[in-house]
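Rule-based calculations on the coordinates, nothing more; no lab input. Since the structure is predicted, the reported quantities are computational estimates derived from the model, not experimental observations. Heads up, the Cβs are rebuilt from the backbone with ideal geometry, glycines too, and the neighbour counts pull from every protein chain shown.
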Amino acid sequence: MHDLIQTVLAGEEQIDLLQLIDALRGLGKQYFLRNEILQTFSDYCHQAQKPTYFYHTSVLGKLIHFIHELVLAEKSIWILVRPWVGSQEIWSLNDNLTQLEQRTPQALLKLRDSLVEGGAGSDRQSEPDSQVLEIDMHPFYENLPTIHDPRTIGQGLEFLNRHLCSKVSTDPQYWLNALFRVLHEHQYDGISLMINDQIHSSEQLVEQVKQALKVLSDRPADQPYEAFRTTLQELGFEPGWGNTTARVQETLELLNHLILNPEPAILEAFMGRIPAIFRVVLISIHGWIIQEGSRGRPETAGQVVYVLEQAASLEHHIWESIQLAGLDAIGIQPNVVILTRLIPNCEGTHCDMPIEKIQGTQNACILRVPFQANHLQNDPQLIQNWIPKSEVWPYLETFAIDAEKALLAHFHDRPGLIIGNYSDGNLVASLMARRLNVTHCTIAHTLEKPRYLFSDMYWQEMEAEHHFSAQFTADLISMNAADFIITSSYQEIVGTPDTLGQYESYKCFSMPHLYHVIDGINLFSPKFNRVPPGVNEKLFFPYSQTADRVSSVRARMHDLLFTQEDSQIAGYFDDPTKTPIFAIAPLVSAKNFTGLAECFGKSQSLRSRCNLILITTTLNASQTNCAEEAEAIAQLHNIIQQYDLHGSIRWIGMYLPGAELGEAYRIVADYRGIFVHFARYAAFGRTILEAMSSGLPTFVTEFGGSLEILGEYHNQFCINPTDLEGTSRRILDFFDQCDSDPKHWQENSDWAVQQIQNHYTWQLHTRHLLLLAKMYSFWNFVFQDDRQALLRYLDTLFHLVYKPRAEMILKRL
């Protein structure tokens, strides 16, 4: 980046840069983000009558597009540039653009603080303020394997496999000994699995594998394991290799190949065969986990669906692996638990039940543990009511201690894997995993920091409502403590060339008077893995599968969508035969239903050929205790009145069970309609999977990771929710193509279904997730000392930063 900047400074475009900076100063601000910089540059190009190419392909144009922040200090200009995703550089220029200097993150953070405090922005080269804590994770990752190609970020498993296999060539004996120890120490409730004490060393293991293969070579391929169990045990092999002769042979041959010629694919295949994960804990703190009726509050509804479906899929897959390994014969069963909060005042739901079986599973359950306000066990003060996610922080440490006791009593042993969900669940997962010495997975889903502009710099102004000081500290602890992190999209980690990723926003930031984060997370760490979720295929299947559709549900949902009158339905259709545009989401500002309704209302062309169907949780502000939802409800009512949408809109404000919701998607597909995901920002998007799985062509916001679901079709179906005219034009273009080509809608419908079936199923998700758990457990077993210093550092942050902030929240409540 140095060369590009120098080229601008040494050429004729230096004058253009000076004039652009003057234009920025004229705006009366000092701190600018990328969109403001680009808009000012665009205005400058127009006013200066620059040729069309200048904005994009001039040397200055290229530089401007790399700049993500610009600060006008007293006598200098500071810029933060991203040469590529996941990488940031800081440079400063003097006022007349004759001196260029690379700056440290510490210097930039100090400059940001001075702006927040009302200063003009100091140019002095000095040490960072000694009164502010500096958090730097970089030293703890220096000696760990690191991905180098930004394009492979999020493919940690593949990288780790290659790295592990490369270790063999440098120290094959160490590798073989490690493999032997893993197999030899593998057990379940005191029952030895894989190998027993008949095999004393890695060298003997090599010989016994050959002997076992020879013994099995003459047996029928489908012979049950029990028929030769004793023979294998005499050779040193315990249950776990397979349920038939063929399965045992395949697993032993994989081990033999791995010993002789280790390759990443063989390592992955062999680790996938090892039955290592039997007990799994999914932590979802908020507590409003209900299997019937309203599944969650508006802010947690998607999370509840995710963990319930993931738990069921995990149990199914673990059952399958137990049976294939031949372990069902010795009584081993999976045990999957969703750990959440017990709510005594549960409003007629089951949220006050300590244990509740998960429907559609054999052993999986919801385990509920109450929040306790008083740490003294002899004087517990249980929190009686549900509380919003911004207020849970003071209760999490005690919850983790109480939940650990409840889990151990339920499992009668440690779990094999702990999975945290969202910031609060991830913090609890990190605390429990550390004490229990269990593999820990983090799933952020969405991180609050990038959702709120300047939430770090101006945290003090937002603290009373959002408590970001505790939340961001918890995020730093849990994401660095995790053995591995799974995300739904690549953009969730490092964004795009134009935008920062959610995790990238934690790379370098300041919370004035609290701490400076010099390097908060290694984005190139192999702990990151892209593992998107699936969709419930029993509920959300293609509209063309008419044999699976229930006629009574179909008729009932058709009436609901088009004709039924109800106090929970607003609007009607003058012409129900018009093509429907469909959207469903909780009515919160981020989902942007008001923007979609306004986009529809402003476009006479859309209104003339389409109807708009919206499904939310309610349409009455009096029926919600969420201020954000109440405001969005009022705004949507106002937009309907403002654009006189009666006759072309149906707003249904009620919860729909999964079977009915799935049919709603399919009925819209019957009408050759579309689904629109108009969110201002979306980390991913469960409703996108549901709509596409049902056969609906789906338009998706371009902001966030949800666009990745569209794959090669992203250009055709991406929309900008801030560009209402452009969105309506793109939708109309699609319908025009459908009019000119009768096959166009069907082709896109078929592609949507195939895209989900190929890439977004719970089966794919669960198989990958459990393989990750096995591989990272193996990594930690082989390299046990590599993370201890980091974990001790995170303990310090928890006790000296997080706990005091959480205790301050409790005092305010």
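With a simple spin-label model that places each label point 7 Å from the Cα along the Cα-to-Cβ direction, the separation between Gln49 and Phe454 comes to 3.8 nm.
Remark: Glu253, Glu315 ranked as Glu253, Glu315, counting other beta-carbon atoms within 10 Å and listing the fewest first.
Entry note: the range 2-125 has Rg to Rh equal to 0.94, where both radii use alpha-carbon atoms and Rh is the Kirkwood radius.
Summing +1 for each Lys or Arg and -1 for each Asp or Glu, what net charge is found among the other residues whose Cβ lies under 10 Å from the Cβ of Cys441?
Values: positive: Lys527; negative: Asp483.
Counting the neighbours of Cys441, the net charge comes to 0.
Close Lys pairs in the range 2-125 (alpha-carbon distance under 19 Å; sequence gap of 8 or more, or different chains): 4. Overall shape of the range 618-753 was characterised from the C-alpha gyration tensor. The equivalent ellipsoid obtained from it has semi-axes of 26, 17, 17 Å, in decreasing order. Just round it to a whole percent: the fraction of Cα-Cα distances in the range 678-813 exceeding 23 Å. More than 23 Å apart: 58 percent of the Cα pairs in the range 678-813. With the highest mean first, a sort of the peptides 80-87, 447-454 on other beta-carbon atoms found within 10 angstrom per residue produces 80-87, 447-454. The order of the peptides 327-335, 411-419, 734-742 by mean Cβ neighbours within 10 Å, most packed first, is 411-419, 327-335, 734-742.
With contributions of -39500 (n - 2.57) from each DSSP H run of at least four residues, the per-residue ellipticity at 222 nm computed over the chain stands at -14000 deg cm²/dmol. Within straight-line reach of Lys210, meaning a Cα separation under 15 Å, sit the following aspartates and glutamates at least 8 residues removed in sequence or on another chain: Asp218, Glu234, Glu250, Glu253. The residues Val304, Val132, when put in order of fewest to most other Cβ atoms within 10 Å, stand as Val132, Val304. The order of Leu160, Leu810, going from fewest to most other C-beta atoms within 10 Å of their C-beta, is Leu810, Leu160.
I'd like the Kirkwood hydrodynamic radius of the chain, using the inverse of the mean 1/r over distinct C-alpha pairs, in Å.
Values: mean 1/r = 0.0343 Å⁻¹.
Result for the chain stands at 29.1 Å.
Among the listed pairs Lys405/Lys449; Lys167/Lys527; Lys578/Lys743, which have their C-alpha atoms separated by more than 26 angstrom in this model? Going by Cα-Cα distance, Lys405/Lys449 fall outside the 26 Å limit. Compared with the direct C-alpha span, the chain from Glu565 to Gln746 gains 62.0 nm at full extension, assuming 0.36 nm per residue.
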